[in-house]
1. Place the peptides 71-78, 15-22 in order of packing, highest mean first, counting for every residue the other Cβ atoms within 10 Å and averaging per peptide.
2. Say the dipole of segment 56-126 comes from +1 at the beta carbon of Lys and Arg and -1 at that of Asp and Glu; which of G63, A125, S91 then lies farthest toward its positive end?
3. About the Cα centre of the chain, what is the dipole size in debye to 20, counting +1 per Lys and Arg Cβ and -1 per Asp and Glu Cβ, all else neutral?
4. Determine the calculated [θ] at 222 nm for the chain from helices alone, applying -39500 (n - 2.57) to every DSSP H run no shorter than 4 residues and normalising by the residue count; nearest 500 deg cm²/dmol.
5. For segment 29-63 and segment 72-128, write down the distance between their C-alpha centroids in whole Å.
6. Two decimals is fine: what's Rg over Rh for segment 60-99, C-alpha atoms, Kirkwood radius as Rh?
7. Mind ranking D105, D96 by accessible surface for me, highest first, 1.4 Å probe?
8. Can you give the charge dipole size of segment 17-91 about its Cα centre, rounded to the nearest 20 debye, using +1 on the beta carbon of Lys and Arg and -1 on the beta carbon of Asp and Glu?
Amino acid sequence: DPDDLREMFSRTRALHRFPGSMADRVHALCTILVEEWGGKAESVWTTAADADELLARLKSLPGFGDQKAKIFLALLGKQLACRPKGWRTVSSPYGDAGTTMSVADISDEKSLQKVRSFKRAAKAAHRAANA
């Protein structure tokens with residue numbers, strides 16, 4: 001029930017800083033996964049012919065723009081060994097070997113700290129460029 005989901009997202013220690021809109025997005029995503037993918041989320045990536053098709057599928061999901069879709073594709077390749085043809089190129093720069101840019105690169109506390117450092121440096125550079 002969408003209302004129950006919104007209530008769960010809004011409880012103390014909310015699951016997201018915008019709990020209502022995120023609950024709506026999660027509900028929309030789950031609806032698509034059930035109606036179009038038979039309730040099997042993994043079918044989105046396990047049945048893709050290549051990385052271009054997979055990226056297009058990911059971008060069609062609620063809440064998945066270009067950047068999030070590329071990060072998710074990189075995560076699939078780096079962490080779950082789902083590597084359709086061209087996955088590194090299509091998910092670049094997040095799929096590039098040796099990067100520490102996103103959740104796709106986090107496997108332990110040390111890698112988490114590297115990603116956080118990268119993000120802090122990127123934010124500082126952005127602020128400096130816009131100052």
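The values are calculated or read from the model by the stated rules, or taken from the named source; none is laboratory data. Just so it is clear, the model here is predicted, and its values are computed rather than measured. Every residue, glycine as well, gets a Cβ built from its backbone with ideal geometry; the counts of neighbours run over all protein chains shown. Keep in mind that these areas ignore ligands, DNA and RNA; they rest on the heavy atoms of the full protein, side chains included. Shrake-Rupley method; radii C 1.70, N 1.55, O 1.52, S 1.80 Å.
1. Put in order of decreasing packing, that is 71-78, 15-22.
2. Ranked along the dipole, the leading option is G63.
3. Rounded to the nearest 20 debye, it is 840 debye.
4. Mean residue ellipticity, 222 nm, calculated: -19000 deg cm²/dmol.
5. Cα centres, segment 29-63 to segment 72-128: 21 Å.
6. Taking Rg over the Kirkwood Rh, I get 0.96.
7. D96, D105
8. Computed charge dipole of segment 17-91: roughly 360 debye.
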